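Trainee: One structure follows; several queries about it will come next.
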Amino acid sequence: MKNQSRRVFLRNLTVSAATLAAQPFLASCNVKPGATLPAPTEPQPQTEESPSPTLGVIPDMLVARGNDPEMMVRQGIQALGGMGHFMKKGADVIIKPNICVGYNTYEYASTTNPFVVAALVKMCLEAGARRVRVMDFPFGSTAEQSYRFSGIGDAVTAAGGEMEVMTPIKYIDVDIPNALQFKKAKVYQDILTTDLLINVPIAKNHSMAKLTLGLKNLMGTIQLREKIHSSFEKNLVDLATLVRPQLTVIDAIRTLMDHGPTGGSLDDVKMQNTLIFSPDIVAADSYATRLFDMVPEDIPYIMAAAERGLGKADLSGLNIQEIMVNA
């Protein structure tokens, strides 16, 4: 069944010899060069002044590839209609990266790329945000250590944003109305009340969940996250019915391919120079699986979230635009 699912998933790709050359992770998936397959489109070169890849049409997902993180963020958000599509002037914005530990710099791909986070901060402020806060609840070090050592703290401050330590007093007991099993959680209150929540996970291997992507990154919004582990997929999806980011940006510039979630060896890091943007967290996660030579069916929590109606794991009907961003 898994092999059949993999074939169905790969049938929904647009693949050419040029695409295979640019994306070596597809070359091992038994897809013949030149096969005629439906969307997404092949990457098109973009510059800072370039319009959206399909003028007047906002895609369901934008995938940017390049070597300049800020330019990739700007082009990706622009293609989705601009930051004003997600927020009004005067908005209170929270950006939730993955800052799990305070002993690896971002080069080790256990924490989100600071240049990606800083670019999002800049774009929110440029669009008229009242304030932009960046926060996470690290498990491997204190928040202050993790913010500093990851490089995200300095980058966000320089961009005009605020780093906020998620203090215990702000966690509140919340009933999860649509939960099937995980019916109550201690959630950071501001996550639920902010005008715009942007979820910015790094794509990486995880010893228990197989992959950390957008859905898994939501665990950093609660206390006592170990309660989710007892029935991981069901509980994580229950949480995802409550914490609903309006935009997910998956950082796959560097991906941790093994020994996640903390890593520690550059031998486990692969440069993929990719960012995935979508308001659909399930679709973003589903696309990201291919960076690890997987399909959504390989990750039970993605399929469980799709079955609960939280997004689409089947990408065949989505408008997916792919661009190459030239610095």
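Trainee: About the Cα centre of segment 133-273, how large is the charge dipole given +1 on each Lys and Arg Cβ and -1 on each Asp and Glu Cβ? Please answer in debye to the nearest 20. Before the final figure, lay out each step's value.
Mentor: Values: 15 positive and 16 negative charges, 75 e Å.
Roughly 360 debye, rounded to the nearest 20.
Trainee: Explain nothing, just the number: dipole magnitude of segment 55-104 about its Cα centre with +1 on each Lys and Arg Cβ and -1 on each Asp and Glu Cβ, in debye rounded to the nearest 20.
Mentor: Working: 5 positive and 4 negative charges, 21 e Å.
Dipole magnitude for segment 55-104 comes out near 100 debye.
Trainee: Further, regarding this structure: Just want the answer: with Cβ charges of +1 for Lys and Arg and -1 for Asp and Glu, which residue in 158, 128, 114 is farthest toward the dipole's positive end in segment 111-173?
Mentor: The residue sitting farthest along the positive end of the dipole is 128.
Trainee: Counting Lys +1, Arg +1, Asp -1, Glu -1, what net charge surrounds residue 269 among other residues with beta carbon under 11 Å of its beta carbon? All intermediate terms of the calculation are to be shown ahead of the outcome.
Mentor: Details: positive: 204, 254, 270; negative: 107, 258, 267, 268.
Neighbour charge sum, excluding residue 269 itself: -1.
Trainee: Just tell me which lysines come within less than 21 Å, Cα to Cα, of residue 216; anything on the same chain fewer than 8 places away is out.
Mentor: Result set, ordered by chain and number: 96, 183, 184, 186, 204, 227, 234, 270, 312.
Trainee: Further, regarding this structure: Going toward the positive end of the dipole of segment 240-314, with +1 on Lys and Arg Cβ and -1 on Asp and Glu Cβ, which of 242, 291, 266 do you reach last?
Mentor: Value computed over the given set: 242.
Trainee: By per-residue mean of other Cβ atoms within 10 Å, what is the highest-first order of 304-313, 257-266? The partial results should precede the final answer.
Mentor: On the way: 304-313: 18.7, 257-266: 16.8.
Put in order of decreasing packing, that is 304-313, 257-266.
Trainee: Additional query: So, with a 1.4 angstrom probe, what is the percent of accessible area on segment 143-283 that is carbon and sulfur?
Mentor: Details: 2790 of 5560 Å².
The value for segment 143-283 is 50 percent carbon and sulfur by accessible area.
The values are calculated or read from the model by the stated rules, or taken from the named source; none is laboratory data. Keep in mind the model is a prediction, meaning the values are calculated, not measured. Quick reminder, even Gly has a Cβ in these numbers, built from the backbone with ideal geometry, and neighbours come from all protein chains shown. The protein model used for the area step is the full one, side chains on, heavy atoms only, and it has no ligands, DNA or RNA in it. Shrake-Rupley method; radii C 1.70, N 1.55, O 1.52, S 1.80 Å.
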